[in-house]
Amino acid sequence: MAYGLRTEHSSVPSPFSAGTADILPRERAGASFDVKQLQQTLYGKTKDGPSVADEFRDLFSGPPFNDTDLDSYRSYEDKWRTTMKRTSAALEIVRTTPKLMVAHKQQRKVNMGDLFATGSLGIHFSMFLTQIKTQCTEEQQAMWLAKSERAQMFGAYAQTELGHGSNLRGLETTATFDKATDEFVIHSPYLTSLKWWPTGMYCCTHGAVMANLIIDGTDYGFHGFMVQFRDEDGKCMPGVEIGEMGPKINGKITNIGYARFTEVRIPRFNMFARASQVTRDGEYKRAPPKLSKFKYISMMEIRRDFVGWSSTYLGRASTIAIRYSCIRHQGYLDNESPGRGENAVLNYKMQQYRLFKALSLAYVFFWNHRFIGQYLGKIQQGIMDGDDAAADELPMLHATLCGFKVFATVIAHANIEECRKACGGQGFLSSSGIAHMPAELAEAVTAEGEQVILSQQLSRFLVKEVRRVRAGSTPLGQFAYLKEKPMQPLRLTSYSGALVEILALMKFRAQSCAMKLEAAFSAAEQPGHTFENTLNEVAVIAWKAAESHTFYAFLDNNHAALNDYAKDPACKAVMGRLLELSALQSIRENGGDFIDVLDGKQLDLIMERINTLLTEIRPDAVSLVDAFGNSDVQLGSTLGRYDGDVYEAIYEEAKKSPLNQAEVMLGWEDFSPNLDLDFLRDGKKVQHAGPGLLPNSHGAGSSMAVAASKL
Ligand SMILES: Cc1cc2nc3c(=O)[nH]c(=O)nc-3n(C[C@H](O)[C@H](O)[C@H](O)COP(=O)(O)OP(=O)(O)OC[C@H]3O[C@@H](n4cnc5c(N)ncnc54)[C@H](O)[C@@H]3O)c2cc1C
């Protein structure tokens, strides 16, 4: 039974429509560039953009995929069962659609998460498959790779434990070699040794389990082992206890788990042996140094992926918030004459400052993801071709990409939440599509390298690089600033057209923070202190130095990418404005970092330039978010719809609540004994509804619709 009135797409306000249909088309008509042209600039060819998934969308439009709008109302168990049904149906579609199989698996152009809610199983295709591809021998791959690729077995990446995550050397799970039986015994000796947090754990049949290898009492540190979790009946294997962890910050995730191993015996074959090996006699063979380089590369690729996800999330959040801010009108153009209409909230400068900041950062991450992808590809090729100079860049790239993962996710997370807040009350609604995003991206900040700990890889490198350069060596890559003279104070009269100086300011901050870090580090050094102890003494400066270097590298890469890829003048101009805005907002918000080169007057001029940029970006805002190419299905948002039917969609979604499906209020029998029912009865005698709407012409024509129209 339908509830309430039907809505319609219209430019004329009525009981059935908010009349907003013409707003976004008008916005689009005012852009200074062509969206298709910008998409070609971004993705090379339009068909390689995020819309590739659209080609397969119809396959995922029927049951069991077509009731995701009800997911928020499901119980924990029902959510899980629905996830399993959808996953199975999706796997069948992939198996029987070769074109999708190629686009998804070989070309990596289709992310399954864009087609349906995958329930955390992406980890199987990312971390687990990567382990098999990079850490297993050919014989091991013959056993596990094809089955994993065909999804006939599913795997988790089980490293973190209840008692230890960041401190890898503190992991307690053991894999003890038993020479007599040629087996490893996988064991969780303490409560704190339980594997805790692995994504996908609950439904995975197998896991890449990280455990300390012990041979004849000697501990060789942690290694990877293939362990089967469940048998053919779905029961835990002998000695294995698998569980799900319970509700988490992101209510959608019901598939993160724990595992306890009680003397689980696996064949020696199951130790990942591409690098290190254990012979039949129990001899440990170390990995040749060259192989560790490939391990570096696969880690760097995963870190680069985080930059891409940060762009995708931030792009979607800014799409929702910017489109909604055009539809949402609040406050009169002229308080004296309310009849002249109201302001779109996007016309308010604070709204622009917050949302264009998110938008420009989404583009910064987009360009970096693309730019580094090409760079990493060249290095990888160089190493495969035996070019030692290419391999020399790996430590520098590793440190840089640790910073990229940390600051892309931290910045994206904060700005997605800002976009959510910028949607006011509607940003709390699940149907907004933005309410759950901060919780979703919170995972990326912590998992795969906790922010503070991973940033220390870069700050450690910075201390060493400053010292290396001071000793006469040539600085590597973007650390070249370590050899440059310090910047002189800037005394510009305007920041218009000053991109060179603005980027020089970012470089200045990176340089001065790196120097300050090394100086503080040297001052904190004491006999008997380890490098880590000393770094901890200067940890706050270390974080700042890592952040400053990373932000400089982000903007420098963005600038280089525009020079390389953006040929259309209008597209290049609008991309340049966003780049400039990102840099200037960072300078303004961190004015103290620039105290040696900028005075108060300069900071005022920077604020003036920011205001001008906000005004210049305003007419392009909707087209700039359109260019990300997110479909309505990908956004899953009532507020960010392409057609601008925001109010209609919010109302339609609310009608679906299970509480709205009956004429009598749910729970009335429990609640009503508290009430004065005679008083309510009397009220009904004096309060009437007029003829009003004719629900039969527009509404559902049911008694429910009549009831709703009377409310
Ligand atoms: C949603 C989600 C999914 C995950 N998926 C997986 C998975 O698939 N597989 C898997 O193995 N793990 C997974 N993890 C675990 C994740 O990798 C760890 O939680 C993460 O590495 C942080 O480790 P921790 O929890 O031990 O935090 P802790 O290390 O205990 O951190 C707590 C605090 O202490 C600080 N701290 C700790 N050590 C230091 C130090 N040396 N210096 C300065 N500060 C320090 C940290 O900055 C942090 O603020 C997942 C986690 C989450 C949240």
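Some observations on this one:
- Qualifying residue in region 442-450 (condition: of a type in the set (S, T, N, Q) and within 16 Å of the ligand (Cβ to nearest atom)): yes
- Within region 240-263, being in contact (Cβ under 8 Å) with a residue 40 or more places away in the chain and away from the ligand (no atom under 16 Å from the Cβ) holds for Thr262, Glu263.
- Residue count for region 509-562, restricted to those that are touching a Gly at 6+ places or on another chain (Cβ under 9 Å), within 15 Å of the ligand (Cβ to nearest atom) and either hydrophobic (A, V, I, L, M, F, W, C) or at positive phi (or both): 1.
- Just one of (1) more than 32 Å from the chain's Cα centre (by Cα); (2) under 21 Å from His124 (Cα atoms); (3) basic (Lys, Arg) fails for Arg265. It is (2).
- Test: Thr446 is surrounded by fewer than 19 Cβ atoms within 10 Å (Cβ to Cβ), at negative phi, without any contact (Cβ under 8 Å) to a residue 40 or more places away in the chain and under 22 Å from the mean Cα position of the chain (by Cα): yes
- Criterion (basic (Lys, Arg) and either in contact (Cβ under 8 Å) with a residue 12 or more places away in the chain or within 26 Å of Asn630 (Cα to Cα) (or both)) met by exactly one of Lys133, Lys147: Lys133
- Residue match in region 289-302 (condition: in contact with a Lys or Arg (Cβ under 9 Å, 6 or more places away or on another chain) and within 16 Å of the ligand (Cβ to nearest atom)): yes
- Odd one out for Leu191, checked against (1) within 16 Å of the ligand (Cβ to nearest atom); (2) exposed (fewer than 15 other Cβ atoms within 10 Å of the Cβ); (3) under 27 Å from the mean Cα position of the chain (by Cα): (3)
- Taking the criterion of being of a type in the set (Gly, Ala, Ser) and within 26 Å of Gly221 (Cα to Cα), the residues of region 126-161 that qualify are Ser126, Gly155, Ala156, Ala158.
Matching residues to (1) in the same structural domain as Gly251 (by TED's automatic domain parsing); (2) crowded, with 24+ Cβ neighbours inside 10 Å; (3) under 14 Å from the mean Cα position of the chain (by Cα); (4) not in a helix (DSSP H, G or I):
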| site | (1), (2), (3), (4) |
| --- | --- |
| Phe356 | no, yes, no, no |
| Gly373 | no, no, no, no |
| Gln380 | no, no, no, no |
| Pro395 | no, no, no, no |
| Thr400 | no, yes, no, no |
| Gly403 | no, yes, no, no |
| Ala408 | no, yes, yes, no |
| Asn415 | no, yes, yes, no |
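- Residue satisfying condition, being surrounded by 15 or more Cβ atoms within 10 Å (Cβ to Cβ) and either at pLDDT below 95 or farther than 17 Å from Leu5 by Cβ (or both), within set Gly644, Gly667, Gly692: Gly644
- Pairs meeting the criteria (first residue in region 67-82 and over 16 Å from Thr118 (Cα atoms) and aromatic (Phe, Trp, Tyr), second residue modelled with pLDDT of 90 or more and part of a helix (DSSP H, G or I), beta carbons under 6 Å, at least 6 apart or on different chains) are Tyr73/Pro658.
- Criterion: more than 16 Å from the ligand (Cβ to nearest atom), of a type in the set (A, V, I, L, M) and part of a helix (DSSP H, G or I) - qualifying residue of Leu492, Leu503, Leu454, Leu458: Leu503
- Top-ranked residue of region 144-174 - restricted to ones that are within 16 Å of the ligand (Cβ to nearest atom), part of a loop (DSSP other than H, G, I, E, B) and polar (S, T, N, Q), ranked as farthest from Cys204 (Cα to Cα): Asn167
- Subset of region 471-501 [under 26 Å from Ala519 (Cα atoms) and touching a residue at least 24 places away in the same chain (Cβ under 8 Å)]: Leu476, Gly477, Gln478, Phe479, Tyr481, Leu482, Glu484, Pro486, Met487, Gln488, Pro489, Leu490
- Annotation note: Cβ proximity below 6 Å between a residue of region 163-178 that is hydroxyl-bearing (Ser, Thr, Tyr) and a residue that is assigned to a loop (DSSP other than H, G, I, E, B) and surrounded by 13 or more Cβ atoms within 10 Å (Cβ to Cβ) (sequence gap 6+ or interchain) occurs for Ser166/Glu450; Thr173/Ser188.
- The set of residues in region 564-582 being farther than 14 Å from Asn368 by Cβ and either part of a helix (DSSP H, G or I) or not assigned by TED's automatic domain parsing to the domain that holds Ala498 (or both) consists of Pro569, Ala570, Cys571, Lys572, Ala573, Val574, Gly576, Arg577, Glu580, Leu581.
- One residue stands out in region 117-143 among those that are in a loop (DSSP other than H, G, I, E, B) and more than 9 Å from the ligand (Cβ to nearest atom): the one that is modelled with the lowest pLDDT, namely Gly119.
- Wholly within region 589-666, helices (runs of 4 or more DSSP H) carrying at least 1 residues that are of a type in the set (Gly, Ala, Ser) and closer than 21 Å to His436 by Cα: 646-655
- Set side by side, the residues Phe521, Phe508 differ, and just one is more than 16 Å from Pro486 (Cα to Cα), more than 28 Å from the chain's Cα centre (by Cα), crowded, with 20+ Cβ neighbours inside 10 Å and not basic (Lys, Arg), which is Phe521.
- Residues of region 197-218 classified as touching a Ser or Thr at 6+ places or on another chain (Cβ under 6 Å) and either part of a strand (DSSP E or B) or away from the ligand (no atom under 15 Å from the Cβ) (or both), total: 5
The values are calculated or read from the model by the stated rules, or taken from the named source; none is laboratory data. Owing to the predicted nature of the structure, the values given are computational and were not obtained by experimental measurement. Glycine gets a Cβ as well: all are built from the backbone with ideal geometry, and neighbour counts include every protein chain shown.
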